[in-house]
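What follows is a short report on a single structure.
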Amino acid sequence: MTTRLTTCSRDCPDTCSLVVEVDSAGRAVKLRGSAQDPVTQGFLCERTSRFLDRQYAPDRFLQPMWRPSKGAELEPVSWDFALQRIAEKLLQCRAESGPASILHYRSGGSLGLLKQLSDLLFEKFGPVTVKRGDICSGAGEGAQEADFGLCDSHDHLDLQNSRSVILWGKNVHTSAPHLLPLLVALKQKGTRLIGIDPVRTRQASLVDHFVQPRPGGDFALAMAVAGRLLQLGLPRDPASFCDFWPEFQEMLYARQDWRELAGVAEAEVEVLAQALHQGPANIQVGWGMARRQFGGANVRAVDALAALSGNLGRPGGGVSYYYQRRAAFDSLGLGGLEAAPRSFSETCLGQEILQADPPVRFAWITAGNPVSMLPESQTVRKALLGVEMLVVVETHPTDTTDIADLVLPTCTLLEDEDLLGAYGNHYLRSSQPAVEAPGEVRHELWIWQQLALRLGLGECLEGTPRQWKERMMTRLGQAGVSLEDLEKGPVRSPFAGQVLFEGLRFPTPSGRMQLIHQAPPLPEPEADYPLQLAAFSTPKAQASQWAVPVSGPPEARVHPDSAPGPDGQEAYLETRRGRLKVRLRHDDQVHPMLVLLPKGGMLRQGGCANELIQARETDLGGGANYYEEPARLVPA
Ligand SMILES: Nc1nc2c(c(=O)[nH]1)N[C@H]1C(S)=C(S)[C@@H](COP(=O)(O)OP(=O)(O)OC[C@H]3O[C@@H](n4cnc5c(=O)[nH]c(N)nc54)[C@H](O)[C@@H]3O)O[C@H]1N2
Ligand SMILES: Nc1nc2c(c(=O)[nH]1)N[C@H]1C(S)=C(S)[C@@H](COP(=O)(O)OP(=O)(O)OC[C@H]3O[C@@H](n4cnc5c(=O)[nH]c(N)nc54)[C@H](O)[C@@H]3O)O[C@H]1N2
Ligand code: SF4
Ligand SMILES: [Mo]
């Protein structure tokens, strides 16, 4: 038995160091979290603890697969056959219809830095059509970029300087479990913890105060708290470092009923206002909260609270949403959206492909399952079915590979070799193969290189994964961090500071913070569809990658007062886009306006939430409004 060290590359803020026990036959037999990694601290989340079931699942793709005609079964083929067909089609589409007729779509299956080399290949070949916006963090990032000129966070250990920590719409237990030990330790030493979520998650038992506003009520809640902060007296004149302070006040005083709109008690507003007023207070903004029509405005309102209460630019303060996970590594100098001949909104991908002129003839999808994970699954499916050749680079079957013309098998996180930055801490890590790739499975770099050769672009991706890792670490090398260092364990980015915006200087055009000054309308429940359907992360899955396969009607969690039948009974969940059979799960911790499905259900499992969710962009950053689909439950 040997042990190997690698890094979890999943789309997760923690980016754990994994210890993999490998038997003499080269098979991984046990996964542990590294005890040496200061973030991982020796434990893994539920979904990755069970990853070996997925690693060795019988349905894993081990060979390139080809579908001879639409609707036929996939058949195994050789790499040469697959790559030759793909290259011919790419060259044909470019010659006949221009590179805009080719779509390259990459999502979060792995957050490895080398995955960007796929973008590089398609940019060199085209540039081709790419996505714009970001369904995941678009609205929140857009909000912080508008306010501060930058979306980044204080060091996570700077929380040790906070008197209060406000977990605003962030489900730490499920989505960022490695923040928990720190929060528990902080609580023991007297830091006040406050949670804000329309669902009373497990966090309610961790925090000192749990506030349960109405879903999407965060803007109103922030305004209620801002009003109270003004009464308590601001530590510093906001006009000295913020633009739009008069306009902000005008917006704030335009109505008196913010607290009622948010659906919270006066005492709850007081707790939040006091925590911010006394400071230092850090606000941890969840990534989910902004996946609403006015999600960007909600995050901007929270940013404003930190500014008014004097919690910016000081230790223990800050509004932490995202860490710039790529910043320490060298950039590939991609032209991205500016170079692309055309872009499609990621949120509205299905509709935009269907309406595209010139039409999309070829699509390359990697590290993503857009049919299941983008809103309007059936529209995305129909759009991708209409493409002449759909190529999907994957490890396992999904709703997207179910309609692919070719599936190219690639490495899992235990076989891959890459560099990882984190979006929940400032550490840098390296992944290296803990086990060999089975069958005909290939590292993605090999796939791109083989394709490049056949496209006459042989030289552009030359090098081994390790050489590419070194190439992306030249700045780090100059700062004294080598690849060998990362291979031994995590290294904190030498470029990341502890505290942001010291001296209250902001990288905005005016150098000042930009206060939001237009209130968004509050979504009103609709008479026919009084509930809001939302699918939040579940501990059992990483998006559509389940630890244990699921089948049967998905569970719909709903407040007993909003359920049409007894607990455990089947019912129909209906939206304007369709209906789904569900099993009711009464849960009085869920806000009565919500009905919850697990995130990541697939059409092929009969439980895809996105089949019922309309594709609508958020106010900022091209995010997806995933959490506000008007819905109703009817007896089965
Ligand atoms: N187990 C597991 N972990 C995951 C993932 C997964 O699929 N499974 N996905 C990963 C991905 S892709 C990402 S982007 C990250 C973060 O992804 P998420 O899991 O999406 O992030 P959270 O920040 O926990 O956001 C969800 C929380 O926001 C709350 N929320 C929803 N609407 C509102 C609102 O209007 N106001 C407030 N205040 N709260 C609201 C929900 O009730 C929930 O508790 O997590 C990653 N972690
Ligand atoms: N209703 C609803 N929908 C949502 C969300 C929600 O909260 N509610 N959350 C949204 C969010 S935050 C996100 S980030 C997206 C996630 O959307 P996706 O990124 O599309 O999610 P996954 O289902 O994880 O799909 C990734 C695929 O990549 C494969 N894969 C794993 N490793 C590799 C690799 O190294 N290379 C390649 N080529 N493939 C690999 C996996 O097997 C998996 O099938 O979903 C969004 N969709
Ligand atoms: S998914 Fe997240 S919490 Fe789980 S092992 Fe990977 S990095 Fe750690
Ligand atoms: Mo995400």
- Query: Is one or more of the residues making up region 171-188 more than 14 Å from ligand 1 (Cβ to nearest atom), free of Cβ contacts under 8 Å to residues at least 12 places away in the same chain and not hydrophobic (A, V, I, L, M, F, W, C)?
  - Reply: yes
- Task: Could you please let me know if residue 117 is within 15 Å of ligand 2 (Cβ to nearest atom) and assigned by TED's automatic domain parsing to the domain that holds residue 346?
- Result: yes
- Query: Is it the case that residue 109 is farther than 30 Å from residue 360 by Cβ, buried (at least 17 other Cβ atoms within 10 Å of the Cβ) and not charged (D, E, K, R)?
  - Reply: no
- Task: Output the strands (runs of 3 or more DSSP E) that fall wholly within region 406-492 and possess 2 or more residues being hydroxyl-bearing (Ser, Thr, Tyr) and touching a strand residue (DSSP E or B) at 6+ places or on another chain (Cβ under 6 Å), or say none.
- Result: 427-431
- In region 300-324, the residues that are assigned to a loop (DSSP other than H, G, I, E, B) and either farther than 19 Å from residue 155 by Cβ or aliphatic (A, V, I, L, M) (or both): 309, 310, 312
- Cβ-Cβ below 8 Å, separation at least six or inter-chain, first residue in region 92-116 and over 30 Å from residue 420 (Cα atoms), second within 16 Å of ligand 3 (Cβ to nearest atom): which pairs? none
- Task: Taking the residues in region 241-259 that are in a helix (DSSP H, G or I) and touching a residue at least 40 places away in the same chain (Cβ under 8 Å) as candidates, determine which candidate is surrounded by the fewest Cβ atoms within 10 Å (Cβ to Cβ).
- Result: 250
- Query: Which one is farthest from residue 583 (Cα to Cα) among residues in region 515-551 that are buried (at least 22 other Cβ atoms within 10 Å of the Cβ) and away from ligand 2 (no atom under 16 Å from the Cβ)?
  - Reply: 515
- Query: Do we have any residue at all in region 421-437 that's more than 16 Å from ligand 4 (Cβ to nearest atom) and either modelled with pLDDT under 95 or within 30 Å of residue 606 (Cβ to Cβ) (or both)?
  - Reply: no
- Item | Top-ranked residue in region 5-34 [being in a strand (DSSP E or B) and among the basic types (Lys, Arg); ranked as nearest to ligand 4 (Cβ to nearest atom)] | 32
- Note on the structure: Reported set for region 290-299 where residues are away from ligand 2 (no atom under 11 Å from the Cβ) and assigned to a helix (DSSP H, G or I) is 295, 296, 297, 298, 299
- Message: Suppose we filter region 108-156 for residues that are within 16 Å of ligand 3 (Cβ to nearest atom), more than 27 Å from residue 501 (Cβ to Cβ) and under 12 Å from the mean Cα position of the chain (by Cα); how many remain?
- Response: 3
- Can you tell me which residue within region 300-327, out of those that are in contact with a Leu (Cβ under 8 Å, 6 or more places away or on another chain) and within 16 Å of ligand 2 (Cβ to nearest atom), is farthest from residue 215 (Cα to Cα)? 326
- Checked against (1) crowded, with 20+ Cβ neighbours inside 10 Å; (2) within 16 Å of ligand 4 (Cβ to nearest atom); (3) not hydroxyl-bearing (Ser, Thr, Tyr), residue 329 satisfies every condition except (2)
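Looking at region 1-43 only, could you name the residues that are in contact with a Gly (Cβ under 6 Å, 6 or more places away or on another chain) and within 16 Å of ligand 1 (Cβ to nearest atom)?
Selection gives 9, 11, 13, 14, 16, 33, 40, 43.
Yes or no, residue by residue, for (1) aliphatic (A, V, I, L, M); (2) out of contact with any Asp or Glu (no Cβ under 9 Å at 6 or more places or on another chain):
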{"site": "180", "(1), (2)": "yes, yes"}
{"site": "194", "(1), (2)": "yes, no"}
{"site": "218", "(1), (2)": "no, yes"}
{"site": "232", "(1), (2)": "yes, yes"}
{"site": "241", "(1), (2)": "no, yes"}
{"site": "248", "(1), (2)": "no, yes"}
{"site": "252", "(1), (2)": "yes, yes"}
{"site": "256", "(1), (2)": "no, yes"}
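The values are calculated or read from the model by the stated rules, or taken from the named source; none is laboratory data. What you see is a predicted model, and the numbers here were worked out from it, not measured in a lab. Ideal geometry is used to build each Cβ from the backbone, glycine not excepted, and the neighbour counts take in all protein chains shown.
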